[in-house]
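Asks: I have a structure here, written as structure tokens, and I will follow up with some questions on it.
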Amino acid sequence: MSQTLLIRSRIMDFSRPLVMGIVNVTPDSFACRCASMDEPGVMAVVGALVQQGADILDIGACSTRPGSEPVSADEEWRRLDMALGCIKKAFPDSILSVDTFRAEIAERAIEKYEVDVINDVSGLSDEGMLPLLSRARVPYILTHPAGACARWDEQTDVMSDMLTFFSFRLDELHRAGVKDVILDPGLGFGKTLEQNYHILMHLNQLAVLDCPVLVGLSRKSMIYNALNTDPMHALNGTTAAHVVALMQGASVLRVHDVREAKEVIRIVDYCTKNKE
């Protein structure tokens, strides 16, 4: 698997897993930590994530929780514009990712704030995204979206189907000149509890695609439903699942709880070095 990406004219090394801290500039995140809809609220959340050692900040302003209705593009940009402005001012050296499926929002964020990564949970559903990425040449997080598994049933070879989807999209991206791609298997997006855990246990199969793999399972339903609890009480389950993800080759953990994720990485690193 490729261990580096070019981000902001510098090499980012994935030989040791990185932690992406979630900044939800929304009033309706499924999890327990939304940034407030004003600058002090955003700064409180971001300051804590930076202090805990987040390697990347992922800022989203349009909830993708199950059952949610997307806000308008104007409202998404209004929220992002406020958040990115104060984050860039307070933490100019932070690596910033924008979580959006809209090409027009991604373009504004790149042009106005020179954001470093585009995180698209829709898997290139917006026809304007590929031309934008071709022009901007920013790293891109390619997600296996909910729609791609709508036809899955008990007979589906889940990992084979996912590899086919990623291979097709990667070919499109590479033909457009987009070389720096991170893969996200889209845990929680349209997948059943059993499918989510099957994917988690077979993440290492994605290594054939030679891209870093991001896992975003923090406090999701695959955790709290398995434990008969709720997002507020899903940290222990999240930590356990992160151990599995790392042992299966995950390169990035996208999380609400940065300190705990960094500790998981350290422990798994110790185990890996001393497995003999």
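The values are calculated or read from the model by the stated rules, or taken from the named source; none is laboratory data. Quantities reported herein were computed from a predicted structural model and do not represent experimental measurements. Note: ideal-geometry Cβ built from the backbone for every residue, glycine included; neighbour counts use all protein chains shown.
Asks: Taking the conditions exactly as written (without any contact (Cβ under 8 Å) to a residue 24 or more places away in the chain and touching a strand residue (DSSP E or B) at 6+ places or on another chain (Cβ under 6 Å)), does Ile141 satisfy them or not? Give the steps one after another, and end with the answer.
Replies: Details: without any contact (Cβ under 8 Å) to a residue 24 or more places away in the chain: no; touching a strand residue (DSSP E or B) at 6+ places or on another chain (Cβ under 6 Å): yes.
For Ile141, the condition - without any contact (Cβ under 8 Å) to a residue 24 or more places away in the chain and touching a strand residue (DSSP E or B) at 6+ places or on another chain (Cβ under 6 Å) - is not met.
Asks: Let me ask something additional. For the subset of the range 255-274 comprising residues that are more than 22 Å from Ser97 (Cα to Cα) and touching a helix residue (DSSP H, G or I) at 6+ places or on another chain (Cβ under 6 Å), which member is surrounded by the most Cβ atoms within 10 Å (Cβ to Cβ)?
Replies: Val264
Asks: A further question follows. Go over the candidates Ser122, Ser167 one by one and state the one that is buried (at least 17 other Cβ atoms within 10 Å of the Cβ) and of a type in the set (Ser, Thr, Tyr).
Replies: So the residue among Ser122, Ser167 that is buried (at least 17 other Cβ atoms within 10 Å of the Cβ) and of a type in the set (Ser, Thr, Tyr) is Ser122.
Asks: Kindly provide the set of residues from the range 97-133 that are of a type in the set (D, E, K, R) and over 21 Å from Pro185 (Cβ atoms), ordered by number.
Replies: Those that are of a type in the set (D, E, K, R) and over 21 Å from Pro185 (Cβ atoms): Arg102, Glu104, Glu107, Arg108, Glu111, Lys112, Glu114, Asp116, Glu127.
Asks: Is at least one residue of the range 106-117 surrounded by 22 or more Cβ atoms within 10 Å (Cβ to Cβ) and touching an Asp or Glu at 6+ places or on another chain (Cβ under 7 Å)?
Replies: no
Asks: Same structure, new question: Going by what's in this entry, would Ala240 be described as assigned to a helix (DSSP H, G or I), more than 18 Å from the chain's Cα centre (by Cα) and modelled with pLDDT of 95 or more?
Replies: Yes, satisfied.
Asks: Next question. Just to be sure I understand, how many residues within the range 115-137 are within 23 Å of Ile22 (Cβ to Cβ) and in a loop (DSSP other than H, G, I, E, B)?
Replies: Result for the range 115-137: 8.
Asks: Restricting to the range 87-101, name every residue that is crowded, with 20+ Cβ neighbours inside 10 Å and not β-branched (Val, Ile, Thr).
Replies: Just the residues of the range 87-101 that are crowded, with 20+ Cβ neighbours inside 10 Å, to begin with: 87, 95-101.
Listed by number, the residues that qualify are Leu96, Ser97, Asp99, Phe101.
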